[in-house]
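The values are calculated or read from the model by the stated rules, or taken from the named source; none is laboratory data. Everything numeric in this text was worked out from a predicted model, so none of it was measured. Glycine gets a Cβ as well: all are built from the backbone with ideal geometry, and neighbour counts include every protein chain shown.
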There are 2 protein chains.
Amino acid sequence: MLCCEIVSVGTELLLGDILDTNAQYLSKELASMGIAVLHRSTVGDNPERLRQTVELALSRSDVVLLTGGLGPTADDITKEVCADVMGFALVRNDEAEESMRAFFKTRGRPMPESNLKQADVPQGGIVFQNDNGTAPGMAMEKDGKSVILLPGPPNEMRAMFADKVKPFLAAKTTGVIVSHTVRTMGIGESDMAERVAPLLRLSNPTVAPYAKQGEALLRVTAYADTQEEAEKRMAPILSQIRGILGEYIYGVDVEDIQHAVVQALLAKKLRVATAESCTAGYIAKRLTEVAGASDVFDCGLVTYSNDMKEKLLGVRHETLAKHGAVSAETATEMAAGAKRVSGADVAVAVTGVAGPGCSENKPVGLVYIGIADRDGARAVRFETGRRDREFNRYVTASRALHLVWQSIQKY
Amino acid sequence: MLCCEIVSVGTELLLGDILDTNAQYLSKELASMGIAVLHRSTVGDNPERLRQTVELALSRSDVVLLTGGLGPTADDITKEVCADVMGFALVRNDEAEESMRAFFKTRGRPMPESNLKQADVPQGGIVFQNDNGTAPGMAMEKDGKSVILLPGPPNEMRAMFADKVKPFLAAKTTGVIVSHTVRTMGIGESDMAERVAPLLRLSNPTVAPYAKQGEALLRVTAYADTQEEAEKRMAPILSQIRGILGEYIYGVDVEDIQHAVVQALLAKKLRVATAESCTAGYIAKRLTEVAGASDVFDCGLVTYSNDMKEKLLGVRHETLAKHGAVSAETATEMAAGAKRVSGADVAVAVTGVAGPGCSENKPVGLVYIGIADRDGARAVRFETGRRDREFNRYVTASRALHLVWQSIQKY
């Protein structure tokens, strides 16, 4: 099995200025190709430490994939260090230079001359042209080991990996790792793990529980010569899991709850609308992350103030005065209002206390989610149990989307 | 200078199932304390590889901070491996057991017995009780080196670090690293770097350019005995940067554009409203990430379909028919409509093609942003130059927020 190590380069990573989403993306992609990633490292723009990191990585892996440090500035030294470690000379690449000049031309901006440093590539190496930026990627191979360099900006890195590096790596692999992720809502990680405890001791396939932003997930992974064989190993395990956790499962291999909702709405030809107070657009934003959401979603109303809840959604003044904005009554009227205004089949509404401070003497993390569908309008109470504003808003949006998903199942 | 290394533990990280936000958080916190982070590693739930990683980290750093693998399941082995490397025995901790039982009791859920494994701590080590979950953190010290274990769930890890581990580490440090981040919009990273090129060669303070989600940033960092001395070193450099990049700078040390906007609105006692098509709630969501946004934001309208643009915002049917939804005319009318409906001082509207496919024969990445303020309503055209839906939506929301920020400066 081919073994790959990921090295993320950049002092801005070690200072915490930047979140390293590249390492996750590459990990996922490599796993899907049956390539094992056993180590990842992060190191700053320091030649000596980068050299040591690359040498260690080469000593224990077949392929070392580096991201970052290919930029035009003097502290970008990834290429220089790797070429030196691998014994390659750097030479100016005409195609890269041309594409760099063209890139700036189409944007109507003058090209800073320092940019040309990016067109230097290892002599005898492989060059991956950059269709989304100026720094080309490259690969150097020696003694059965490969070092691959990718640019740091995620959009450039992802496009280059998918279009150019993936085929390059695919030629080196045998065997596949296949996995399926079972997604649940409404059950804790340890509770879930306890219920499927005997399965967690298996070795091929493996079953691993984990928690992710308020959801408990189970990942089932098998290794085999072919995809078919791997699937065959997993099928009975997946069916056992469905038997044990059925009521909590909203999908297998679905990307997230918003994808599950949009798929379900499309399948049943239904439309949804949103009315949001404390999540303030988060549900609409997540629904429309899914390409094609326009076929199931027309409008969302963010009513942050009480006035706007009355004006845009028709929540009654007395309801707000008597029960407050954070109440089952208000959530119910918000959902009914959103359904009426939009003409959608299902409407979901959220009102709650995201934090950090409490409001209306109601505790942080208390949320009411209203649902209006063909059975009328109602609300459920939900407590996140946390004080973290971003977490509370995310989890609340997830639960609201899950209630929409449950409502759709009836149609 | 104290040197710390971060090790993130978890096969789910290496498979790319989880994004490692913990490493970024810890990097930032440690940098702010004047603790150098020169390496970060990620390793799976594998005893042998974890042992090697911890031993390597101990050989080159004073403190090794590990996150993850303290959970209740059998593949959680971080504590066992670290205790073994450091030569500590594990014993049951009564306080941790009690707090664990109490944690489940307040949530009204039965505690799975497997959870008790989490109450084992190193004899002679330091225990950090977990106020937000069940796994306690811990520290083991020997021969001038420290190994610190923190739980993996970000909310538990962050609270424990801030409340307990930070004071523990602060006692070991001398000197401070202070940095300031200059945030710009509307200029590329290499163009910015070219303009401030002589500053990039300085050593204390250092000036480092980087790009982050469509913005070019400059980080100025100084190391000194005291905060005051560090500030003194940086002041002339910061003023030079303001002189060179002034027109592009929207803030120094402000968290992001939404914080800059909310602060500016609060300062001028103005209110903003949003009308969103392709960003579909993203602007509202980002504005309300800022605690206290309710003082400047009442409502947002997500009008994904043409019908809803007419119905909720009063965009004229002829405008949509003649110019299309993605046009300066529609953006202008959307902004004017949002200002009218909400009664806000400034309204911003967005309509564009987020991708992946094009629409109305208009290219992916084309966006019109409308602004309505006391000078009337108008729109600007903007091209992201990318095909990535999430990136296009994020950058468009950023630009829209920046236009609001620019509008506020006039008041």
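Inside the range A:104-142, residues that are part of a loop (DSSP other than H, G, I, E, B), among the β-branched types (Val, Ile, Thr) and farther than 20 Å from residue B:385 by Cα make up a count of 0. Just to be sure before I move on: is residue A:68 surrounded by 17 or more Cβ atoms within 10 Å (Cβ to Cβ) and on the phi > 0 side of the Ramachandran plot in the structure I sent? The answer is yes for residue A:68.
Going by what's in this entry, would residue A:87 be described as buried (at least 23 other Cβ atoms within 10 Å of the Cβ) and at positive phi?
On the way: buried (at least 23 other Cβ atoms within 10 Å of the Cβ): no; at positive phi: yes.
No.
Tallying residues that are of a type outside the set (A, V, I, L, M, F, W, C), facing chain B (nearest Cβ under 7 Å) and buried (at least 24 other Cβ atoms within 10 Å of the Cβ) within the range A:276-297 yields 4. Please work out if residue B:224 is surrounded by 19 or more Cβ atoms within 10 Å (Cβ to Cβ), away from every other protein chain (no Cβ under 12 Å), over 23 Å from residue B:35 (Cβ atoms) and not basic (Lys, Arg). Considered against the rule, which asks whether it is surrounded by 19 or more Cβ atoms within 10 Å (Cβ to Cβ), away from every other protein chain (no Cβ under 12 Å), over 23 Å from residue B:35 (Cβ atoms) and not basic (Lys, Arg), residue B:224 comes out as no.
Return yes or no: is residue B:172 basic (Lys, Arg), in contact with a Leu (Cβ under 7 Å, 6 or more places away or on another chain) and surrounded by fewer than 19 Cβ atoms within 10 Å (Cβ to Cβ)? So residue B:172 fits the description; yes. Here residue B:253 passes the criteria (1) within 30 Å of residue A:116 (Cα to Cα); (2) in contact (Cβ under 8 Å) with a residue 12 or more places away in the chain; (3) among the charged types (D, E, K, R) except the one numbered (1). Select from the range B:328-383 the residues that are out of contact with any Asp or Glu (no Cβ under 9 Å at 6 or more places or on another chain) and either among the charged types (D, E, K, R) or not assigned by TED's automatic domain parsing to the domain that holds residue B:295 (or both) and list them in ascending order. If the condition is that a residue be out of contact with any Asp or Glu (no Cβ under 9 Å at 6 or more places or on another chain) and either among the charged types (D, E, K, R) or not assigned by TED's automatic domain parsing to the domain that holds residue B:295 (or both), then B:329, B:333, B:340, B:360, B:362, B:375, B:378, B:381, B:383 are the ones that fit.
Taking residue A:337 as the residue in question, decide whether it is more than 28 Å from residue A:183 (Cβ to Cβ) and surrounded by 22 or more Cβ atoms within 10 Å (Cβ to Cβ). Break it down stepwise before answering.
Numbers: more than 28 Å from residue A:183 (Cβ to Cβ): yes; surrounded by 22 or more Cβ atoms within 10 Å (Cβ to Cβ): yes.
Yes; evaluated as a whole, the condition is true for this residue.
Of the helices (runs of 4 or more DSSP H) lying entirely inside the range B:1-74, those carrying at least 3 residues that are more than 7 Å from chain A (Cβ to nearest Cβ), more than 23 Å from residue A:179 (Cα to Cα) and under 22 Å from the mean Cα position of the chain (by Cα) are B:21-32. Pairing residues of the range A:1-26 that are over 20 Å from residue B:255 (Cβ atoms) with residues that are among the acidic types (Asp, Glu) and crowded, with 24+ Cβ neighbours inside 10 Å, at Cβ distances under 6 Å and at least 6 apart in sequence or on separate chains, gives A:8/A:20.
Here's the yes/no breakdown for (1) in the same structural domain as residue A:7 (by TED's automatic domain parsing); (2) in contact with a Pro (Cβ under 6 Å, 6 or more places away or on another chain):
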| residue | (1), (2) |
| --- | --- |
| A:145 | yes, no |
| A:155 | yes, no |
| A:160 | yes, no |
| A:190 | no, yes |
| A:215 | no, no |
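Would you be able to tell me the number of residues in the range A:33-54 that are more than 16 Å from residue B:38 (Cα to Cα) and either at pLDDT below 95 or out of contact with any Lys or Arg (no Cβ under 9 Å at 6 or more places or on another chain) (or both)? Break it down stepwise before answering.
First pass over the range A:33-54, keeping only residues more than 16 Å from residue B:38 (Cα to Cα): A:33-39.
Add one more test, that the residue is either at pLDDT below 95 or out of contact with any Lys or Arg (no Cβ under 9 Å at 6 or more places or on another chain) (or both), and what stays is A:33-38.
Of the residues in that region, 6 qualify.
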